[in-house]
Amino acid sequence: MIAYLVRRVLWMIPVFFFVALISFAIVAIFPGDFYSRLLAGLMFSGKSYTQAHAMVDAIRVAEGMDRMWFVQFWVWFKGIILRGDFGVPLSYLFQPHTGLPWTLILTTSAAIWSWLLGILAGTVSAVRRNTWLDNVLSAYTYAGISFPPYVLGTLFYVLAFTVINTHIRGPGIWGPVGYELIGKPLSWYKVGSHILHLLPAWFIVGLPMFAMVARHLRGTLSGVLTQQYITVARSKGIGQTRLVVRHALRNALNPLVSLSGILLPTLITGSILVGPILGFPTFGQFLLNAIRNEQQQLITSALMMYALFLFAGNFVADIMLLILDPRIRYD
């Protein structure tokens, strides 16, 4: 098993290289950079056109921005491999103002509730197939698939201003904590406020994944329950709960786990959209600000962090699949 996991990690290295190359190239081909904005600022401050250009060109040479883009890429990529430096120090990306800690909290917790409730809803729908309970859960999951996060966020935005407007104060519509607790030391009351403010974000970000998990599991589990070994087990007097949980559900989860890496981008997309709407300091907002300011190093760093999220999600899915299905060979 260890050798298999090592091979999976080694296979990620060339994929990571090509993702880094494409990300860097996409950012590099756009005209202008952060120093173009600096040029305009120098000219507005009273510098002549020649003086401003000379100062900016000197900075570009010092930063290596005068080289061909593929030379810049190689210098940047060596920094990732040798120092863990994504154009900016990795510790900088995990500081609170970048929103990365809140993004990790939001996406991880949303994934946990969406998977747990999605497995429960999908199992109930498959066992109670074509009953009123199945119809209700199916309608709810169809709605979850149909409404993207930005629509749900907009609906909450309208609801917040029309129904609970009296409880919203200060900048932003909602935020990660009550306005009166901003800057206060952490306490149990503040933790409760964080949880309360995370509830709509959990719902908006996690609902699409919950719906897809429930719908996919309903289909796969319904097929497994008609298999011959399930019929034999039922004829031996095995209870329904034990039959579903210990025999059918484990096999039905295998294809769903293999798709978990594909479902992960729904959480990332939701976290990017929920930030501006709910006033959360997410990493997506940090990326958008870097794009507006043409900060190439921050843009490429943010893109690579999202790529690492996807790599980590697929790697965890491989491990879960090995645990759930002993028929998978490690060689």
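The values are calculated or read from the model by the stated rules, or taken from the named source; none is laboratory data. Predicted model, so just to flag it, every value in this text is computed and none were measured. For neighbour counting, all protein chains shown are included, and Cβ atoms are generated from backbone atoms with ideal geometry for every residue, glycine included.
For (1) touching a residue at least 12 places away in the same chain (Cβ under 8 Å); (2) surrounded by 15 or more Cβ atoms within 10 Å (Cβ to Cβ); (3) closer than 22 Å to Ala307 by Cβ, each residue gets a yes or a no:
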site	(1), (2), (3)
Ser91	no, no, yes
Gln95	no, no, yes
Ser125	yes, yes, no
Arg128	no, no, no
Item checked: Those helices (runs of 4 or more DSSP H) lying entirely in segment 170-283 with at least 3 residues in contact (Cβ under 8 Å) with a residue 24 or more places away in the chain -> 188-224, 249-258, 260-278
Next item on the list: Could you check, for segment 74-86, whether at least one of its residues is outside any helix (DSSP H, G or I) and surrounded by 13 or more Cβ atoms within 10 Å (Cβ to Cβ)?
Entry: yes
Item checked: Candidate set: segment 106-121, residues that are free of Cβ contacts under 8 Å to residues at least 24 places away in the same chain and of a type in the set (A, V, I, L, M, F, W, C); chosen: the one surrounded by the most Cβ atoms within 10 Å (Cβ to Cβ) -> Leu120
Check: Has segment 210-222 got at least one residue that is of a type in the set (D, E, K, R) and buried (at least 16 other Cβ atoms within 10 Å of the Cβ)?
Finding: yes
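Residue by residue, here is whether (1) acidic (Asp, Glu); (2) surrounded by 14 or more Cβ atoms within 10 Å (Cβ to Cβ); (3) at pLDDT 80 or above holds:
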| position | (1), (2), (3) |
| --- | --- |
| Gly192 | no, no, yes |
| Trp202 | no, yes, yes |
| Thr226 | no, no, yes |
| Leu243 | no, yes, yes |
| Ala252 | no, yes, yes |
| Ser260 | no, yes, no |
Margin query: Just to check your reading of the model, which residue among Phe94, Phe73 is modelled with pLDDT of 80 or more and closer than 25 Å to Phe30 by Cβ?
Written below: Phe73
Next item on the list: Would you check if Pro14 is at pLDDT 75 or above and farther than 19 Å from Ala302 by Cα?
Entry: yes
Checklist line | Residues satisfying the stated conditions in segment 37-59, i.e. out of contact with any helix residue (DSSP H, G or I) (no Cβ under 8 Å at 6 or more places or on another chain) and touching a residue at least 12 places away in the same chain (Cβ under 8 Å) | finding: Arg37
